[in-house]
């Protein structure tokens, strides 16, 4: 099996398993980066909840539409966003920032620098 490269999405494949593997790998790497972040320590996660493959009518390829869920382990808040893989790749960190600042309101409701909790070991 070939390894899926980060940021190397190929729309010419017709196999839904390729597209799902690509987005799952992309989201896994984002979660790993959030775990390594010294401020959040794995507090926030992002997962694929649902996906639908759209094949192009001319047979040139396909693109995956994905329902992505952002989740906060501390407040148990979550937010779902639909987008295609290209939207997700270009807007992921903007959506994550909006979730943290606007939906969870971390900076208004708490002081994350003073919280020593390691969220990596909690579900």
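Here volume of the Cα convex hull per residue in Å³ was computed from the coordinates, and among (1) 176; (2) 109; (3) 153 the match is (2).
Normalised by the number of residues in the chain, the average gap of Cα pairs under 8 Å and 6 or more apart makes the relative contact order 21 percent. Calculated mean residue ellipticity, 222 nm, the chain: -10000 deg cm²/dmol, from DSSP H runs (n ≥ 4) at -39500 (n - 2.57) each, averaged per residue and rounded to 500.
No lab work stands behind these numbers, since they all come straight from the coordinates. All values derive from a computational prediction rather than experimental measurement.
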